[in-house]
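Accompanying notes for the structure given below.
The values are calculated or read from the model by the stated rules, or taken from the named source; none is laboratory data. From a predicted model like this one, the values you see are computed outputs, not experimental measurements. Here Cβ is always computed from backbone atoms with ideal geometry, including for glycine, and neighbour counts include all displayed protein chains. All accessible areas refer to the heavy atoms of the entire protein, side chains included, with ligands and DNA or RNA removed. Shrake-Rupley method; radii C 1.70, N 1.55, O 1.52, S 1.80 Å.
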Amino acid sequence: MKTETGSEPKFTTKTTAAAEPALNELFLDALRDIYWAENHLVKSLPKMIGSAHSEKLATTIQNHLSETKEHVSRLEVVFDMLGVAAIAKKCDAMEGLTKEAEGIIESTDEGTSTRDVGIILASQKVEHYEIATYGGLVQLATTLGFSDAAEILGQTLAEEKTADQLLTQVAESDINYQASTEA
């Protein structure tokens, strides 16, 4: 027995023919932006690793640097799947976040837990930007029918969320407390 409500759904995950080219261009623009951001992080994270006092923090960021290199490779796979060149577009947001991290390092004393807290804070800002970007890209890829790209981007999204959680664990394990007792 077939029942009909007489109304069409108000929202769908499919695009109209007129909107698709513009949405596709937005998707590609966001891919190029995060591609630049990930490549920039590959160059920026070593300074954060070298500035960390806590070995646990340095190891956490080092592990994420390895993941970030993989994220760059995955983005190149997505570009290839889409049949477009992997071209980076400068990401002003990531440039600003990494400059802020450098400022925190420069304005805190070397070898202190306070500096480590600042590095964690700056790192989590980066992670949250990446989580927002990859979350949006997964949705756009799904909407545009790029299910394989959505799966690859979703894998990176999951790793960014895990990196954020690991940074929280490092902060809560002892670094925040140690910083609160520094003279």
*Do we have any residue at all in the stretch 134-154 that's out of contact with any helix residue (DSSP H, G or I) (no Cβ under 6 Å at 6 or more places or on another chain), within 17 Å of His53 (Cα to Cα) and open to solvent by 50 Å² or more (accessible area, probe 1.4 Å)?*
no
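Looking at the stretch 159-172, can you tell me whether even one residue there is of a type outside the set (D, E, K, R) and within 20 Å of Asp33 (Cβ to Cβ)?
The answer is yes, given that some residue of the stretch 159-172 is of a type outside the set (D, E, K, R) and within 20 Å of Asp33 (Cβ to Cβ).
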*Scan the stretch 85-113 and report the pairs whose first residue is under 22 Å from Ser180 (Cβ atoms) and whose second residue is part of a loop (DSSP other than H, G, I, E, B) and β-branched (Val, Ile, Thr), with Cβ atoms within less than 9 Å and a gap of 6+ or a chain change.*
Ser113/Thr181
*Cβ-Cβ below 8 Å, separation at least six or inter-chain, first residue in the stretch 39-55 and under 19 Å from Ala171 (Cβ atoms) and at pLDDT 95 or above, second in a loop (DSSP other than H, G, I, E, B) and of a type outside the set (Gly, Ala, Ser): which pairs?*
Ser51/Glu110; His53/Glu110; His53/Thr112
*asked:* Between Ala150, Ala158, which is in a helix (DSSP H, G or I), within 12 Å of the chain's Cα centre (by Cα) and not charged (D, E, K, R)?
replied: Ala158
*Would you mention how many residues in the stretch 59-87 are under 12 Å from Val42 (Cβ atoms), in contact with an Asp or Glu (Cβ under 9 Å, 6 or more places away or on another chain) and open to solvent by 50 Å² or more (accessible area, probe 1.4 Å)?*
3
